[in-house]
Amino acid sequence: MSEAAVIDGKAFSARLREKVASEVSRIKSESSVTPGLAVVLVGDDPASRVYVGSKAKQTVEAGMESFEHRYNDDIDEATLLDLIDQLNNDKTVNGILVQLPLPDQIDEQKVLSAIDPDKDVDGFHTTNVGRLWTGGESLVPCTPFGCSLMLKDYLGNLSGKNAIIIGRSNIVGKPMAALLLAESCTVTIAHSRTDDLPGKCREADIVVAAVGRPEMVKGDWIKPGATVIDVGINRVDAPEKGLKDDGSPKTKLVGDVDYAGAAAVAGAITPVPGGVGPMTIACLLRNTVVACCRQNGLPDPDL
Ligand code: GUN
């Protein structure tokens with residue numbers, strides 16, 4: 001058995017961002033509209049700060065307007081809801097993203113429900129969740145959307161394939177299931193209580209790992225030739241890389257899949273980093289352009 005093909009999310013996302021940028025310049029030249037994305041960050045979680053910074057940079061690079069709203073983590077819910085209301089009514093804002101997680105004093109679901117579903121570029125509003133499951137015109141959560149684009153690009157028709165999704169979150173697992181079901185896959189949603197997870201995994205032609213546990217999915221869980229999509233981004237100690245200045249071990253990023261073990265068996269696999277991660281922001285930009293077109297009565301872009 002030869003080593004798995006590597007599904008290159010970095011290259012794929014760069015092509016998608018180029019297509020987004022060319023749609024943005026077409027929209028700007030044919031109408032007086034510039035797509036705009038507002039990102040709201042509460043608190044100073046380092047990972048969230050990095051994500052929000054990358055989102056803003058790539059939004060501007062695609063030719064769109066980026067609006068950033070940053071608050072301390074002692075902000076009250078009413079202030080945040082007021083901001084959402086302003087952004088809902090601002091015509092220059094086509095997409096609104098509230099970076100999660102939010103601090104404990106804020107009801108996350110209440111905030112997400114306050115976003116105009118047509119500006120909900122994260123696809124987390126229950127209206128978009130319902131539209132996704134019923135086959136309506138929705139905005140689809142960015143990470144699973146990116147995974148489905150890579151799967152369709154690599155495998156072509158997914159119809160009839162057995163897919164297992166490990167993880168049942170609202171952000172990845174559940175919308176991923178809806179997307180693969182819409183492609184006529186037979187979908188299993190597995191989780192921490194699933195009985196004989198390795199055995200169920202071995203039946204799958206497509207494995208999507210989104211549990212947040214470093215290298216949990218082992219090579220002998222994978223059916224020979226299967227396609228493996230690793231959504232996990234876990235920072236772990238890497239003593240083999242030496243020590244930091246403060247004496248603690250250097251760290252590295254790993255996925256939810258034991259990459260070396262799985263790559264020896266799978267037909268194709270996404271690496272970490274450089275797989276699913278870069279696709280998420282590219283899909284966010286894509287959703288913002290789609291939202292902008294729908295709000296301005298323009299045809300959906302070809303993205
Ligand atoms: N936090 C982690 N992932 C996401 C995401 O996809 N969207 C938002 N808004 N917050 C996140």
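Derivation of every value follows stated rules applied to the coordinates shown; laboratory data play no part. On a predicted model such as this, the values are computed, not experimentally measured, just so you know. Every residue, glycine among them, receives a Cβ derived from its backbone with ideal geometry; neighbour counts consider all protein chains shown.
Structural remarks
- Cα centroid separation, the range 136-196 to the range 1-50 (Å): 20 Å
- Evaluating 6.51 cos²θ - 1.76 cosθ + 1.60 at θ = phi - 60° for every residue in the range 128-144, the Karplus couplings come out as 6, 4, x, 5, 4, 6, 9, x, x, 7, 10, 9, 9, x, 5, 5, x Hz, glycine and proline recorded as x.
- Here the gap between Asp300 and Ala260, fully extended at 0.36 nm per residue and compared with their Cα-Cα distance, gives a gain of 10.3 nm.
- Amide H contacts of Ile7 (H built 1.01 Å from N, under 5 Å, at least 5 apart or other chain): Ile269, Thr270
- Qualifying aspartates and glutamates (Cα of each under 19 Å from Cα of Lys110; at least 8 residues distant if same chain): Asp73, Asp74, Asp76, Glu77, Asp82, Asp85, Asp118, Asp120, Asp122
- Each peptide in 139-148, 83-92, 124-133 was scored by the mean count of other Cβ atoms within 10 Å over its residues; highest first, the order is 139-148, 124-133, 83-92.
- The range 1-85, relative contact order in percent, only Cα pairs under 8 angstrom and at least six apart counted: 31 percent
- Candidate cross-link partners of Lys152 among the aspartates and glutamates, defined by an alpha-carbon separation under 17 Å and a same-chain spacing of 8 or more, comprise Asp8, Glu183, Asp205, Asp230, Asp302.
- Short-range pairs are left out: with C-alpha atoms under 8 Å and at least six residues apart, the relative contact order of the range 54-132 is 26 percent.
- Under 17 Å from the Cα of Lys91 - lysines, other chains or at least 8 residues apart: Lys28, Lys119
- Isolated Cys in the chain, by beta carbon distance under 4.7 Å: Cys147, Cys185, Cys201, Cys292, Cys293
- Fewest neighbouring Cβ atoms within 10 Å first, the residues Glu183, Glu77 line up as Glu77, Glu183.
- 3J(HN,Hα) couplings calculated from phi for the range 196-201 with the Karplus curve 6.51 cos²θ - 1.76 cosθ + 1.60 (θ = phi - 60°) are, in sequence order, 6, 4, x, x, 5, 5 Hz; Gly and Pro show x.
- Annotation: the range 214-293 has a Kirkwood hydrodynamic radius of 14.4 angstrom, from the mean reciprocal C-alpha pair distance.
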